[in-house]
Each structure stands twice: as C-alpha cells, then as structure tokens.
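Here it is, the structure, as structure tokens.
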Amino acid sequence: MNTLHAISMQAQDWLHLFLHFVSLSLLAVGGAITTVPDMHRYLVDQQNWLTSEQFNTAIAIAQAAPGPNVLFVALFGWNVGLNAGGGWAALLGMACTMLGLLLPSTILTSVSTRWGHRNRDLRAVRAFKQGMAPIVIALMVATGWVLSSAQHGPRGDWNLWLLTAVSALIMWRTRLHLLWLLGIGAILGAWGWV
Amino acid sequence: MSTSNAPAPARPQPRSPTDLFLSFTWLALQGFGGVLAVVQNELVEKKRWLTNEEFVEDWAVAQIMPGPNVVNLSIMIGDRHFGLRGAMAALAGMLTMPLLAVLALALVYTQYAHYPQVVGALRGMGAVAAGLITAAGLRLLPALRRHALGIPVCAALAVACFILIALLRIPLAYVLPSLGGLACLLTYRKLKP
C-alpha cells in the first residue's frame, strides 16, 4: 500500500468495477471469501487496478481488524480509488465494491429467507444445500492456496509457506483463538523471520 | 404458535431496531479475523434470541444464500423481528463500526508502511490469514461424511474444483454454474423425494 501505483479511472471503469462485483455477488455462495481468486484475477491480473501486494495487504488488514471478513472488499475499492487519485475517488471505489457485492445478495436473501425456511425439507432445497458442500469447501481451500502463492511469490519463500501450513494445521486441529496465531505471525514478520 | 395453556416463559427478543443495531455492532467488534466464531456464542448463549437448533437451521439458509454468511444471518434475524427496518438495522450494525475500524487500520498502516517491521508484521499476518482460511475449509470436511453422494464422489468434485480455481485460475463464473450445478444435480438424484 506504500507503493505508488497510479492508474486512471474513467466513468465507465467505475461502472465496470461496480458491475463486476454485482456479478460476483450472486456467485458468493459460501461467503465473500470464495470469490477472492476471481477478484484477484480481475483486479490484479486483468485490469491492473491493484498491485498484488495491495491486494494481499487489504485482506491481511481486514483479517486483523474486527468485523466480518467481507470488509476486505471495501478496502479493495478504497485502494483502487487511492490509486486513481485520492479521497473522493477512494470513497467512490468503496461504494462501487461494497454496494456491488452486497446489494444483490442482500435483496435475494431478504426475499427468499422465509421461503427457504418454510421449504427446508423440500428435495430441491436439500439437494442444493448438500450438493454445494464439497464445492464450497474446496473453494475455501483454493482461496488459501491462491493467497499463499500470490504473497509468497515465485521466489518460493519456504518459511512463509511453512507459517501458512502450520497455522492452517493449528486452526484446523485445535481450539486456539485465532488472535494468538495472527499475533505470532505479526511478531515473526516484524523480527524478519518470515 | 399455540395459544393454549399457560403462556410460555418469555423468550428474550430484540426490543427494537436500535437494540438490533447495538447488539450486532457489539457482536461484530468482538470478531477479530471473522465473526463466525463469535456469532453462535453471542446469539444463542448470551442473548438467547435463538436456540441451538434454530441457529443451525438459520445458518444453513445463510450459507445457501449467496453473500457473506454472517451478513445474511443478520439480515434474516433482523427481518424476522422488525421486517425491513430490522434487517437494515442489523445489517448496519454488522458493517458500520467494523468498516470504520478497518479504514482506520488501513490509514495507520499507510503512515507506518515505510518501517520494514510493520511491513514484515503484516506479511506474517497475511501468511497466517491464508492458513486460517484454508483451515476454515478443512474444518467443514466432517459435513461431507454423511453426504448423499458418498465420500469418493465428494472428493472428486472438491479436487476438480480446487484444480480449476487454484491451479488453472478459471473464472468462478464458469466453475460455479457448471461444476456446482453438476454437484447439485447428482445430489438431487441421490436424495429421496
């Protein structure tokens, strides 16, 4: 986020940004985090609106702060705006990504919640719920993979990979509070061990 | 729902949209690294707005629906008690203060980004965060144990999804309707009507 990555955003670019997150909204089954690989592909690889470092920093900051993880999406828009020229653009970018991602799913949820609750024994509802389970799980693991390979880079820093693998293992197998893990990660990083 | 007999002991309920807003704000601000770990504890154990069974049902629907699960859950609970006003109050509670906190943290980070220790600390936290997300997926694996498709088919679907997304970097918009649709269709055929 310290790096300058100046871009220029026209009105149609903002619209594209908004519409892309609108299109992701209804695909975010299993949480916003499952759309991270696609956001990386779009924002970093295709449009070059964010650097890979900015992308990963945004996720790390949102993880370190309290609240729903989805707020990393607000930081993506905020950073695109900062790259494009400053405060108002940052607010506009944040509005594009957050409203785009939340509006369609929020409306759909409000409308269909009662229906889904009433019909939870219906065969189609059960099939959807169960059928998506292996996909949702694989998407979360894939997200961890994409994040790791993006930030650990082609240099193949084995100690970063090790830290990721160990924290995944500890989180998976124990009930240790994740704040401890994040804190240990911060200390290791600050000391330059990883 | 029955009107007979003695009135059931009063269930704690959100008193007003303001109550919803403040409760979800407090809930969200406890959730470092994600709210999921806190939400059951707060809504079922402390507030007692939901029983455990109701929570599991609601959580299932919140997961089925696209969008962030905890955000969906706040909308559902708010909507149930105060309609649209309640849903908006709960949603605003879940997002407003945490959003300010995240922006504040991002601004602080920009100020100190030239210290290598700060950059290093965030790199370390990023590596941990990637692990935490992986672990969140792995912790859901037991949900597949009694899956109608059986473990081998589930594993094949999951591995295919991982390869397409993580290794080949195919857009989610292609993978989810095709592979996800296939998975739902196969499951539908296996389930008893």
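None of the figures in this text is laboratory data; all of them are computed from the coordinates on show. Please read these numbers as outputs of a predicted model, since none were measured by experiment. Please note: Cβ atoms are built from the backbone with ideal geometry, for glycine as well, and neighbour counts cover all protein chains shown.
Take residue A:5 and residue B:151, extend 7 Å from each Cα along the Cα→Cβ direction, and tell me the distance between the two endpoints in nm.
So the two model labels end up 4.2 nm from each other.
A further question on this structure: For chain B, I need the span (max minus min coordinate) of the C-alpha atoms along each principal axis, in Å, sorted largest to smallest.
So the extents along the principal axes, rounded to whole Å, are 61, 57, 26.
Sticking with this structure for a sec: Say each of residue A:157 and residue B:112 gets a label point 7 Å from the Cα, pointing the same way as Cα to Cβ; how far apart are those two points in nm?
Those two pseudo-labels are separated by 1.8 nm.
A further question follows. Roughly what % of Cα-Cα distances in the range B:12-118 sit above 15 Å, to the whole percent?
Numbers: 3668 of 5671 pairs.
Summing the P(r) of the range B:12-118 above 15 Å gives 65 percent of all pairs.
Within 10 Å, count the other beta carbons around each residue, average over each peptide in B:129-136, A:15-22, A:37-44, and list them highest first.
Answer by packing, highest mean first, reads B:129-136, A:37-44, A:15-22.
By average Cβ neighbour count within 10 Å, what is the ranking of A:97-103, A:132-138, B:182-188 from highest down?
A:132-138, A:97-103, B:182-188
Once you have the alpha carbon radius of gyration of the range B:130-193, what is it after dividing by 2.2 N^0.38 Å, with N set to its residue count?
The value comes to 1.20.
I would also like to ask the following. Over the alpha carbons of the range A:1-129, what is the largest minus smallest coordinate on each principal axis, giving the biggest first in Å?
Result, largest extent first: 54, 31, 25 Å.
Count, for each residue of B:107-117, the Cβ atoms from other chains sitting within 10 Å of its Cβ, then give me the mean as a whole number.
3
Give me the orientation-averaged projected area of the Cα convex hull of the protein assembly as shown, in nm², one decimal.
19.8
Separate question: For peptide A:102-113, compute the average count of partner chain beta-carbon atoms within 10 Å of each residue's beta-carbon.
6
Shielding by partners for A:121-128, please: the mean number of other protein chain Cβ atoms within 10 Å of each residue's Cβ.
Average per residue, whole number: 4.
At a Förster distance of 30 Å, what's the computed FRET efficiency of residue A:165 paired with residue B:52, Cβ-Cβ distance as r, to 0.05?
FRET efficiency, residue A:165 to residue B:52: 0.35.
Sticking with the crude label model, points 7 Å out along Cα→Cβ, report the distance from residue A:111 to residue B:15 in nm, one decimal please.
Between residue A:111 and residue B:15, the label points sit 3.6 nm apart.
What is the set of long-range amide H partners of residue A:29 at a cut-off below 5 Å, with H atoms built 1.01 Å from backbone N?
Hits under the 5 Å cutoff: B:67.
List, in order, the whole-Hz ³J(HN,Hα) value for each residue of the range A:50-66 obtained from phi through the Karplus relation with A = 6.51, B = -1.76, C = 1.60 and θ = phi - 60°; use x for Gly and Pro.
Working through the residues one at a time gives 10, 7, 4, 5, 4, 4, 5, 4, 4, 5, 5, 5, 5, 6, 6, 8, x Hz.
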